[in-house]
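The values are calculated or read from the model by the stated rules, or taken from the named source; none is laboratory data. It should be emphasised that the depicted structure is a prediction, and the values quoted were computed from it without experimental measurement. When we count neighbours, we look across all protein chains shown, and the Cβ atoms used for this are built from the backbone with ideal geometry, even at glycine.
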Amino acid sequence: MALIDCKFYSEVLGLNTSMTVILPQQTTTQIGLSNVKRGDLHPTLFLLHGLSDDDSIWLRRTSIERYVAKLGIAVVMPQVHRSFYTDMASGGNYWTFISEELPALARSFFPLSAKREDNFVAGLSMGGYGAIKLGLRKPEVFAAAASLSGALDMAHHFLNSEDASKKSKEYELIFGKKDIAGTPDNLLWLLQEVDGSKGPKPLLYQCCGTEDFLYEDNQAFREACSKTSLPLTYEEGPGEHEWGYWDTKIRDVLAWLPLSK
């Protein structure tokens, strides 16, 4: 595998930013790692970080490079700060960045496939929210979207949780003073919109530990999804909001991805 720490300028954000990228490399003499390269243009997993993290975190806290080596897929891990993958009311246009500019730039820099069937997105916590939002709002781009311990019920997460007063300032920075209930920033609303559309439907994966503080939010999303025709693979079990759980579950996500043979 090739590991690239990529610094670049974003026209959308108006600043220099970064992404960490893993690219397949076919090898025959490397000890302890079986590498696979599928072709000239690589299937790609866009892997999103959580609230307090950055583009390096998946590489630092899990063995993601080793896990994907035998699959022959690229992994693109972008930096979005505390944006919730949203065009912020008081901040950068991170939704436009992550949904439009980043994929185009990554494909201009690296040999990545643009085919829908070769593109997937996954993330943890805040990144789980971003991943499902990308899957539901860009189903023509992503064939599958996976959330690990995602913040999937944003209205509850910010406005109805026990520490809502502490979160209200951050909510206003991201969404302003608007109610997001009936907007594309609300995943529960998006489920209904995508279900009623004639376009492609992404495969969805969701997991959350039963001791996770976001477990209730995940139950709300699961129940809302069950009322649609969208295909959801759901898994739960003992686990908290921590990297031991995510290191295990990202392997389940990789096994679930609809990779071509």
Matching residues, the stretch 109-130, being touching a Phe, Trp or Tyr at 6+ places or on another chain (Cβ under 8 Å) and either at pLDDT below 95 or not in a strand (DSSP E or B) (or both) | F109, R116, M126, G127, Y129, G130
Collect the residues in the stretch 49-92 that are basic (K, R), assigned to a loop (DSSP other than H, G, I, E, B) and at pLDDT 95 or above, keeping them in residue-number order.
-> R82
Of the residues in the stretch 94-118, those that are under 20 Å from A144 (Cβ atoms) and within 14 Å of the chain's Cα centre (by Cα) come to W95, I98, S99, L102, P103
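Residue-by-condition table, conditions (1) more than 23 Å from E242 (Cβ to Cβ); (2) exposed (fewer than 12 other Cβ atoms within 10 Å of the Cβ); (3) hydrophobic (A, V, I, L, M, F, W, C); (4) modelled with pLDDT of 95 or more:
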position	(1), (2), (3), (4)
E162	no, yes, no, no
K167	no, no, no, no
L173	yes, no, yes, no
K177	yes, yes, no, no
A181	yes, no, yes, no
Y205	no, no, no, yes
Kindly indicate whether P202 is without any contact (Cβ under 8 Å) to a residue 60 or more places away in the chain and closer than 21 Å to F46 by Cβ.
-> no
Scanning the stretch 213-244 for residues that are loosely packed, with under 14 Cβ neighbours inside 10 Å and among the hydroxyl-bearing types (S, T, Y), the one nearest to A144 (Cα to Cα) turns out to be S229
Would a scan of the stretch 203-213 turn up a residue that is over 16 Å from the mean Cα position of the chain (by Cα) and acidic (D, E)?
-> yes
Checked the stretch 15-32 for anything surrounded by 12 or more Cβ atoms within 10 Å (Cβ to Cβ) and of a type in the set (A, V, I, L, M); matches are M19, V21, I22, L23
Using the structure shown, decide if G50 is of a type in the set (G, A, S) and out of contact with any helix residue (DSSP H, G or I) (no Cβ under 8 Å at 6 or more places or on another chain).
-> no
Just name the residue that is nearest to I57 (Cα to Cα) out of those in the stretch 217-246 that are out of contact with any helix residue (DSSP H, G or I) (no Cβ under 7 Å at 6 or more places or on another chain) and part of a helix (DSSP H, G or I).
-> W246
With respect to F46, determine if the residue is outside any strand (DSSP E or B), out of contact with any Cys (no Cβ under 6 Å at 6 or more places or on another chain) and surrounded by 20 or more Cβ atoms within 10 Å (Cβ to Cβ).
-> no
May I ask you to verify whether Y67 is within 30 Å of S168 (Cβ to Cβ) and aromatic (F, W, Y)?
-> no
Among the numbered conditions (1) in contact (Cβ under 8 Å) with a residue 40 or more places away in the chain; (2) under 23 Å from L51 (Cβ atoms); (3) assigned to a helix (DSSP H, G or I), tell me where W95 comes up short.
-> (1)
